[in-house]
Amino acid sequence: MHRFLTTTAMAAMLLFAAPAHASDKSWDDAGSLARDALVVAAFGVPAAQGDWDGTLQAGASVGVAGGLSYGLKEVFPERRPDGSDTKSFPSGHTSISFAAAATLQNRYGWKVGVPAQLVAAFVGLSRVEARKHHVHDVLVGAAIGEASGFLITRKATDRIQVFPWGGTDGAGMTVSMRF
């Protein structure tokens with residue numbers, strides 16, 4: 001399974017790689033396709049294994065990253081480099097892609113995670129090249145995605161679980177261990 005996912009991720013990167021002379025539209029399309037592929041993988045890999053907890057965790061991770069990104073777009077309007085609107089900060093494509101990649105990595109390990117992270121990095125690059133985002137938009141989007149993926153997703157076979165929590169009086173982390 002890991003070899004198949006690695007091969008698929010590498011093939012996707014080659015397929016989506018746009019040449020240096022590519023138009024903004026080509027970069028935009030390639031980045032959107034790569035994002036969609038990562039989301040399908042984040043839901044599909046656990047579903048194919050009957051890992052319904054993993055599917056739910058992927059949904060939560062991607063949902064939190066997307067919701068937070070879109071909320072921040074409303075709070076901090078910033079004009080896109082192409083001038084099309086004021087929804088540049090942060091990059092939603094990038095946050096969702098990194099959430100999906102971090103979920104795969106945290107749940108199934110580096111053999112699945114590294115190719116997924118590379119595809120997510122391509123999504124971030126595509127957003128800058130398509131003139132939809134500034135570099136800082138992509139970096140913040142990546143941080144949001146990584147945080148949601150790693151905080152919400154548990155390892156499939158791990159006996160240690162980490163649960164972040166927060167409230168009006170403070171925040172912290174609870175660690176649970178099975179013996």
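Condition (residue is out of contact with any strand residue (DSSP E or B) (no Cβ under 7 Å at 6 or more places or on another chain), over 20 Å from A58 (Cα atoms), at pLDDT 70 or above and among the polar types (S, T, N, Q)) applied to the stretch 103-115: is it met by at least one residue? Talk me through it step by step, then tell me what you get.
Going residue by residue through the stretch 103-115, those that are out of contact with any strand residue (DSSP E or B) (no Cβ under 7 Å at 6 or more places or on another chain) are 103-115.
Within this subset, residues satisfying the condition of being over 20 Å from A58 (Cα atoms) are none.
No; the residues of the stretch 103-115 include none that is out of contact with any strand residue (DSSP E or B) (no Cβ under 7 Å at 6 or more places or on another chain), over 20 Å from A58 (Cα atoms), at pLDDT 70 or above and among the polar types (S, T, N, Q).
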Of the residues in the stretch 85-102, those that are open to solvent by 10 Å² or more (accessible area, probe 1.4 Å) and over 9 Å from the mean Cα position of the chain (by Cα) come to D85, T86, K87, F89
Reported set for the stretch 144-158 where residues are within 20 Å of A37 (Cα to Cα) and surrounded by fewer than 19 Cβ atoms within 10 Å (Cβ to Cβ) is F150
Residue match in the stretch 73-80 (condition: of a type outside the set (A, V, I, L, M, F, W, C) and crowded, with 21+ Cβ neighbours inside 10 Å): no
Restricting the stretch 103-126 to residues that are within 16 Å of A37 (Cα to Cα) and not hydrophobic (A, V, I, L, M, F, W, C), the one surrounded by the most Cβ atoms within 10 Å (Cβ to Cβ) turns out to be T103
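The values are calculated or read from the model by the stated rules, or taken from the named source; none is laboratory data. Here the structure is a predicted model, which is why all the values come from computation and not from measurement. Note: ideal-geometry Cβ built from the backbone for every residue, glycine included; neighbour counts use all protein chains shown. Side chains are part of the model used for accessible areas, which takes the heavy atoms of the whole protein and leaves out ligands, DNA and RNA. Shrake-Rupley method; radii C 1.70, N 1.55, O 1.52, S 1.80 Å.
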